[in-house]
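Chemist: Before I ask anything, here is the structure I am working with.
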Amino acid sequence: MVNPNGNNGLRRASATLEFLPDLTGKTIVITGANSGLGYECTRVFAGAGAYVVMGCRSAQRADEAIRRIHAEIPKAEIEFMELDLASLASIRAFADQALKRLRRINILCNNAADNAFRPKISRTQDGFEAHFGINHLGHFALTGLLFDKIRASTPARIVTVTARGRDESAPGINFDDLQCTQHYSTMRAYINSKLANLLFTYELDRRLHTYGIDIKAVSCTPGPTQTNLLKRQPLWVKLFFRPFSQSTINGALSEIYAAVGEDIDGGDYIGRGGNTLMMRFHRLRKLKPSTHACDPEVSKRLWTISEEMTGVRFLD
């Protein structure tokens, strides 16, 4: 469960990756793995000996990422499988392929995110509001469809990336307008999806404990990072945030530690301390979520609705 005081190992973590274990024999699935945080995680895990499956929309961008990694780590074992989290059909096809081809899944990193901040509402192929549909529902469905393979690979972990500050600023999930049919606000839609990521992790952790399954559900937040999201912003935004943003590898450290750190417990929320703008200057720690993010009744309701919307059920 949540343990904000268990930070000894985290305080020792740094960009030197001294905490990284030998991952030989481990299979890791990462969504959105061809760029940004996902790319850094793929590179680091493959360098430590893991077999990494990159779930990405673009075969071309995935191939380019694999070539870059192989130039640095010739023996890296990496495989691309097409995955579009904006399509339940694509998610099911990816899961079917993964279940047939992979002997195990030791770690699932729900890393990909829709960070487009669209001024007008956009929907997934299944009609879901894009931020909620990709960031939460897509990963909920993927986790459920891969769950039996993950369970057969225990001890295992399921890591979901959220955003520090988004759970704190969110007024709570608006169950009456999850699809933004009544009102659409770009930032509200994004915040809603990131809050859903945390609620999903905590409900998953509770269910895993109830059934006594040796899988750790963990959430993490990178903090302000120089990813494609920042590159797409107007010049004034780039100039304002640049002094506060960190390198991509430093941003990926929270996800890497959540996935392989030895002192991680189920329900942990890994990130850097301090307020959102100053996070890059702080060390990794186990964060305490907002009240909204760990409300058991809200997370149970979100889980049930997610099952109904995706048609994916597990840990009932």
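Chemist: Could you please tell me which pairs satisfy a Cβ distance under 7 Å, a separation of 6+ or placement on different chains, a first residue in the stretch 91-103 that is in contact (Cβ under 8 Å) with a residue 12 or more places away in the chain, and a second residue that is of a type in the set (A, V, I, L, M, F, W, C) and part of a helix (DSSP H, G or I)?
Modeler: What qualifies is ILE91/ALA141; ILE91/LEU142; ILE91/LEU145; ARG92/LEU145; ALA95/LEU142; ALA95/LEU145; ALA95/LEU146; ALA98/LEU146.
Chemist: Continuing with this model, one more query. Restricting attention to the stretch 78-92, report how many residues are in contact with an Asp or Glu (Cβ under 9 Å, 6 or more places away or on another chain) and either closer than 14 Å to ALA59 by Cβ or not in a helix (DSSP H, G or I) (or both).
Modeler: Qualifying residue count for the region: 5.
Chemist: Across the stretch 210-228, what is the number of residues that are modelled with pLDDT under 90 and hydroxyl-bearing (Ser, Thr, Tyr)?
Modeler: Here the count works out to 2.
Chemist: Take the stretch 184-227 and flag every residue that is buried (at least 24 other Cβ atoms within 10 Å of the Cβ) and on the phi > 0 side of the Ramachandran plot.
Modeler: GLY223
Chemist: Now, a different point. Scan the stretch 129-138 and give yes if some residue there is of a type in the set (D, E, K, R) and touching a Lys or Arg at 6+ places or on another chain (Cβ under 8 Å), otherwise no.
Modeler: So far as the stretch 129-138 goes, yes, one or more of its residues are of a type in the set (D, E, K, R) and touching a Lys or Arg at 6+ places or on another chain (Cβ under 8 Å).
Chemist: Scan the stretch 127-136 and give yes if some residue there is crowded, with 16+ Cβ neighbours inside 10 Å and either without any contact (Cβ under 8 Å) to a residue 24 or more places away in the chain or in a loop (DSSP other than H, G, I, E, B) (or both), otherwise no.
Modeler: For the stretch 127-136, residues crowded, with 16+ Cβ neighbours inside 10 Å and either without any contact (Cβ under 8 Å) to a residue 24 or more places away in the chain or in a loop (DSSP other than H, G, I, E, B) (or both): present.
Chemist: Just one of THR162, THR154, THR143 is under 22 Å from GLY267 (Cα atoms), hydroxyl-bearing (Ser, Thr, Tyr) and at pLDDT below 95; which is it?
Modeler: THR162
Chemist: So is ASP295 modelled with pLDDT of 85 or more, surrounded by 20 or more Cβ atoms within 10 Å (Cβ to Cβ) and closer than 19 Å to THR160 by Cα or not?
Modeler: For ASP295, the condition - modelled with pLDDT of 85 or more, surrounded by 20 or more Cβ atoms within 10 Å (Cβ to Cβ) and closer than 19 Å to THR160 by Cα - is not met.
Chemist: In addition: Can you find a residue that is in a strand (DSSP E or B) and of a type in the set (Val, Ile, Thr) anywhere in the stretch 95-113?
Modeler: Yes; the residues of the stretch 95-113 include at least one that is in a strand (DSSP E or B) and of a type in the set (Val, Ile, Thr).
Chemist: Next question. Could you tell me which of the residues LEU88, LEU23, LEU83 is farther than 26 Å from ALA258 by Cα, buried (at least 16 other Cβ atoms within 10 Å of the Cβ), modelled with pLDDT of 95 or more and touching a Gly at 6+ places or on another chain (Cβ under 8 Å)?
Modeler: It is LEU88.
The values are calculated or read from the model by the stated rules, or taken from the named source; none is laboratory data. All of these numbers come straight from a predicted model, not from anything done at the bench. FYI the Cβ positions are ideal-geometry reconstructions off the backbone, even for glycines, and counts take in every protein chain you see.
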